[in-house]
Amino acid sequence: MPYNYKGDLYKREIVKKLQDMGLDVKSVNALNKIMEKMGLLIHYGD
């Protein structure tokens, strides 16, 4: 599994694992929206 420089899984790998578990996460963008709702990610920009 590819990790970034901080040792975290890349989001596309997380999406793949969630899909393998049977969860309906269609893309990294969908994962970002879920994480924003959970308060784990803060959206910056427009």
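The values are calculated or read from the model by the stated rules, or taken from the named source; none is laboratory data. Note that this is a predicted model, so its numbers are computed, not measured. Cβ sites come from the backbone with ideal geometry, for glycine too, and all protein chains shown count toward neighbours.
Just for the range 1-43: of the residues that are in a loop (DSSP other than H, G, I, E, B) and of a type in the set (Lys, Arg), which one is modelled with the highest pLDDT? Only one residue fits best here, namely Lys26.
Beta carbons closer than 8 Å, at least 6 apart along the sequence or on distinct chains, pair a first residue in the range 18-46 that is of a type in the set (S, T, N, Q) with a second that is surrounded by 10 or more Cβ atoms within 10 Å (Cβ to Cβ) for Gln19/Val25; Ser27/Val15; Asn32/Lys11; Asn32/Leu41.
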